[in-house]
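Bear in mind these aren't lab numbers, they're just calculated from the coordinates by the rules spelled out. Because the structure is predicted, anything quoted here is derived from the model rather than measured. Cβ placement follows ideal geometry from the backbone for every residue including glycine, while neighbour counts extend to all protein chains displayed.
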C-alpha cells in the first residue's frame, strides 16, 4: 500500500482520482485551499496552498507518489498570477517531493501548452508553442518538473489531457448545457467542421494509473479515440437532449475580434485559449498510449451526454469546490442567450 498526495485534490479530476485510489486500497492525502464537502472518509485532508512551502513540506511527509493537479485554470484569466501558482507553486511541490524522497511524480499539464493547434493530430513530435499566460505557465511547470525530478532520479510523468468531461463537470460547459436545455440557438466560431476531442475523467485517471504502474518517466497526451467534428458532436447532443437548439456558424475573424473586446471589457467568461482555438482541429494522436494497453471507454458523444444529464439533474444545487465544478456567470453571453 502506497501513500499518494494529490495537490488540488478537491478539483474535478483530483477528487475522482482520490476516490479511485482509495477503492484500489491505497492511502490518499489531499492538499488544497478548498475542502470538498463530499470528501469520503479515509482520505486525509490538509488545507493549504502549493505556494506555502511549509504546508507543502508537511503534507509531503511519508508520501510515495505525488499527483500534482493544483493550478490556476485557463478560465481564471489570472494573467501574471499564473506565474506565482502554476510555475513557482509547481517548483515548490517538485522540490519538496525530492526532499521527501518520493518514488514518483505525476504532473497534470494542459493542451494549452501547444498554443494554436495544427491542422491534423497533435503528436509526440509536435513542438509546444503557447500563446497566452496560462499555456506558458503550464509549459514552464512542465520544464521545472522535468528538470527537478530527472536530476533527483524520480520517475516523472507528465500528462496532457484534452478537455475533460464526465459527471460533475461544469465551468465553461455549463453555458453549452444550459443553452441546449433551454432550446437556445448555439453560436459557434466557423462552420464547425473542425475535429474536437475530449477525454472522460475516468479514462484520464486510468491513463494516469497505467503510466504510473510502468514506473518510468514520460510525457503522455490523453484523449478519446472516438470523436467527430464539433458540429457533429453538438448535433448528436442536441438530438440526445430532445432540444430545439440549432447551430449557427459565425465568421471566424469578426467573432474572435468581438469576443476579444468583450473579454477585455470583462463582459465575457471566454478566455483567449478558448475563443482563439475552438474553430480549429484539436486532437491528440493517442496511439503511443494505446500501445501501452490503455483503451478509453468513452466517446465524445458518451461523455457529452453524461455531463449534460448530470447538469440537468443538478443545475439548481451545483456549488462546486473548484472552477471546473462550479457554475460561472455568462455576462454578455447571458444577454445573447435570452435573445436566441
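Taking the radius of gyration and the Kirkwood hydrodynamic radius from Cα positions alone, what is the Rg/Rh ratio for the range 123-222, to two decimal places? My calculation of the ratio gives 1.05. Fewest-first ordering of 303, 256 by other beta carbons within 10 Å of each residue's beta carbon gives 256, 303.
In the calculated pair-distance distribution of the range 142-284, the portion above 19 angstrom amounts to 62 percent of the Cα-Cα pairs.
Counting residues in the range 23-89 as N, plug N into 2.2 N^0.38 Å and put the Cα Rg over that result.
Details: Rg = 13.3 Å, N = 67, 2.2 N^0.38 = 10.9 Å.
My calculation over the Cα atoms of the range 23-89 gives 1.23.
When 137, 119, 109 are arranged by Cβ crowding within 10 Å, least crowded first, meaning fewest neighbours, the order is 119, 109, 137.
Set the Förster distance to 25 Å, then compute FRET efficiency between residue 2 and residue 151 from the Cβ-Cβ distance, nearest 0.05. Efficiency for this residue pair is about 0.65. Remark: the Cα gyration tensor places the range 161-215 in the oblate category, a/c being 1.5 or greater and a/b not exceeding b/c. Label-to-label distance for residue 309 and residue 295 is 2.2 nm, based on points extended 7 Å past Cα in the beta-carbon direction.
At what distance in angstrom do the alpha carbon centres of the range 9-59 and the range 148-162 lie from each other? Taking the Cα centre of each part, the range 9-59 and the range 148-162 sit 20 Å apart.
Across the range 184-238, the convex hull enclosing all Cα atoms gives 102 Å³ per residue. Ranked by the mean number of other Cβ atoms within 10 Å of their residues, highest first, the peptides 158-167, 142-151 come out as 158-167, 142-151. With the Cα gyration tensor of the range 238-314 giving a ≥ b ≥ c as the square roots of its eigenvalues, does the rule (a/c under 1.5 for rounded; else a/b larger than b/c for prolate; else oblate) give rounded, prolate or oblate? Oblate shape, in that a/c is at least 1.5 and b/c is the bigger or equal ratio. With the Kirkwood sum run over all distinct C-alpha pairs, the range 68-132 has a hydrodynamic radius of 13.7 Å. Histogrammed with a bin width of 10 Å, the alpha carbon distances of the chain distribute as 6, 26, 36, 23, 8, 1 percent, first bin at zero. Model label sites at residue 250 and residue 38, defined 7 Å from Cα along the beta-carbon direction, differ in position by 3.2 nm. Size of the range 53-208 from its Cα atoms: along the principal axes, largest to smallest, the extents are 54, 33, 32 Å.
Indicate the gyration tensor shape class of the range 6-128 (rounded, prolate or oblate), computed on the Cα atoms with a ≥ b ≥ c the square roots of the eigenvalues: a/c under 1.5 is rounded; otherwise a/b larger than b/c is prolate and the rest oblate.
Working: a/c = 1.67, a/b = 1.50, b/c = 1.11.
Prolate.
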